[in-house]
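The values are calculated or read from the model by the stated rules, or taken from the named source; none is laboratory data. Quick caveat: nothing in here was measured; it's all calculated off a predicted structure. Cβ placement follows ideal geometry from the backbone for every residue including glycine, while neighbour counts extend to all protein chains displayed. With ligands, DNA and RNA removed, areas are computed over all heavy atoms of the protein, side chains included. Shrake-Rupley method; radii C 1.70, N 1.55, O 1.52, S 1.80 Å.
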Amino acid sequence: MRVLLVAGARPNFMKIAPIIRAMNVHGGFDWKLVHTGQHYDYEMSQSFFDDLEIPKPDFFLEVGSGSHAEQTAKVMVEFERVCLEEKPDVILVVGDVNSTLACSIVAKKLGIKVAHVEAGLRSFDMAMPEEINRMVTDSISDFFFVTEQSGKENLLSEGKAEESIHFVGHVMIDNLLHQLEKVNAASSSSFEYGDLKHQLGEYIFLTMHRPSNVDDLETLAGIVNALNKISESVPIVFPVHPRTQKMLNAFNLVWSDNVHCLPPLGFHESLNLWKDAALVLTDSGGLQEETTALGVPCVTMRENTERPITCEMGTNVLVGNDPEKIRKAVRDALAHKKQTASIPPLWDGHAAERIVRILRDVMTEDAACLSEADGE
Ligand code: UD1
């Protein structure tokens, strides 16, 4: 069975790594890896391949940055060439980035089956580019691998057949648990920011890159102001995403000395910092889930989440981007810590194995149906 695995941007790499591991263990797949090149800086791409031991991609499409239309179009043109050459039986896309959307459209139009990992998540916020990517990808996918019950409910309410939806848990958590063992076993001197962590003792780990938080001057200035004030009581460690850095420069915004701005971090370096943080303050999708899995308090600077299980069962609290609300939520989270957090169902480190087993079964069934139809 020929499979093309697609990854393009930073959050994809954490999801594709465990799937590759599982495909290697459970044979029967002739898989190849396509890296679209949506993210390309060493810190945003190769450092993840190194940390997560992802093999060199078979195809690197080098699409780079651009407007949404430019980036999506470039991925489509390049990925179509790969599909025509490779003739895969199925492509597997993960998450909700522009590469996910572009590759699923290309494959579907060539009559190739599409498997979507992390399907069914909905923020119901159409101002979020990822929501459009999620909806369009799911509208044409054949196999849906969902991480939480809400994903299944959303897909059912959109008319998807129940047998095409597979609640398997979360490959991102597979990756986290796998890598956590390595990080815990490593000596603190092997981390570039091990000394900083030691010196600070108690700190907040911050990530922020959503266009809704960083692309508008007034919004970003309000957040920077709130974070500078928060850092007077608890220092903040902040690996800065390239989009955010660009906007901070453009708007001339200045951080207080208690906000320790770092370049984007590799997976191990980042995990080593956030796993022991007093609090994670973020607008990332993945960190909402990873903090829930490790029981680290999380305050999310968004009005909504497509991952509601992290608030219902996990450590996550949504706060939006109002400066006063952020300060209050941080104070509350540091003071009380959420008591009721527990691990969502099937977030047990074995999601990728389930996906691989199911994919093999459904594709085999599919092939049997086709040859039966041919014989008639
Ligand atoms: C993308 C994803 C988002 C994900 C995020 C994680 C979409 C629509 N968005 O957003 O869902 O949460 O990745 O990081 O797919 N840049 C660099 N180096 C790089 C990559 C980007 O400098 O390696 C700069 C470019 O100037 C680019 C900007 O960052 O214009 C934004 O990159 P882009 O891939 O367009 O979107 P992200 O904000 O990274």
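Quick rundown of the values:
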quantity	calculated
Whichever residue in segment 15-38 is of a type in the set (D, E, K, R) and away from the ligand (no atom under 15 Å from the Cβ) and, among such residues, is farthest from Leu176 (Cα to Cα)	Asp30
Subset tally (residues that are open to solvent by less than 20 Å² (accessible area, probe 1.4 Å) and touching a residue at least 40 places away in the same chain (Cβ under 8 Å)) for segment 211-238	9
Residues satisfying the stated conditions in segment 44-70, i.e. farther than 17 Å from Ala102 by Cβ and open to solvent by 70 Å² or more (accessible area, probe 1.4 Å)	Gln46, Asp50, Glu53, Lys56, Asp58
Checking Asp41 against (1) more than 16 Å from the ligand (Cβ to nearest atom); (2) surrounded by fewer than 20 Cβ atoms within 10 Å (Cβ to Cβ), the condition it does not meet	(1)
Residue ID - nearest to Val171 (Cα to Cα), chosen from residues in segment 88-104 that are within 10 Å of the ligand (Cβ to nearest atom) and not in a helix (DSSP H, G or I)	Gly95
Search result, residues across segment 320-376 that are among the polar types (S, T, N, Q) and either surrounded by 14 or more Cβ atoms within 10 Å (Cβ to Cβ) or within 23 Å of the chain's Cα centre (by Cα) (or both)	Asn321, Ser342
Restricting segment 107-118 to residues that are open to solvent by less than 10 Å² (accessible area, probe 1.4 Å) and of a type in the set (Val, Ile, Thr), the residue that is farthest from the ligand (Cβ to nearest atom)	Val114
Filtered residue count, segment 292-316, keeping only those that are within 25 Å of Pro211 (Cβ to Cβ) and surrounded by fewer than 17 Cβ atoms within 10 Å (Cβ to Cβ)	2
Cross-chain or 6+ apart pairs with Cβ under 6 Å, segment 299-328 first and small (Gly, Ala, Ser), then crowded, with 21+ Cβ neighbours inside 10 Å	Gly314/Thr292
Residue list for segment 193-210, filter: of a type outside the set (A, V, I, L, M, F, W, C) and surrounded by 14 or more Cβ atoms within 10 Å (Cβ to Cβ)	Tyr193, Gly194, Lys197, Tyr203, Thr207, His209, Arg210
Among (1) among the acidic types (Asp, Glu); (2) away from the ligand (no atom under 12 Å from the Cβ); (3) open to solvent by 30 Å² or more (accessible area, probe 1.4 Å), the one test that Glu289 misses	(3)
Search result, residues across segment 38-79 that are among the acidic types (Asp, Glu), farther than 15 Å from Ala17 by Cα and assigned to a helix (DSSP H, G or I)	Glu43, Glu70, Glu78
Segment 119-134, subset within 23 Å of Glu80 (Cα to Cα) and open to solvent by less than 60 Å² (accessible area, probe 1.4 Å), residue farthest from the ligand (Cβ to nearest atom)	Ala119
Scan of segment 326-376 for residues that are at positive phi and touching a His at 6+ places or on another chain (Cβ under 8 Å), ordered by number	Leu346, Gly349
One residue from His260, His268, His241 being within 16 Å of the ligand (Cβ to nearest atom) and either farther than 20 Å from Ala186 by Cα or open to solvent by 20 Å² or more (accessible area, probe 1.4 Å) (or both)	His241
Some residue of segment 61-80 being in contact with a helix residue (DSSP H, G or I) (Cβ under 6 Å, 6 or more places away or on another chain), away from the ligand (no atom under 15 Å from the Cβ) and closer than 22 Å to Val168 by Cα	no
Residue in segment 146-157 that is within 20 Å of the chain's Cα centre (by Cα) and on the phi > 0 side of the Ramachandran plot present	no
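This table checks each residue for (1) closer than 16 Å to Leu92 by Cβ; (2) among the aliphatic types (A, V, I, L, M).
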residue	(1), (2)
Val34	yes, yes
Met44	no, yes
Leu52	no, yes
Phe59	yes, no
Gly66	no, no
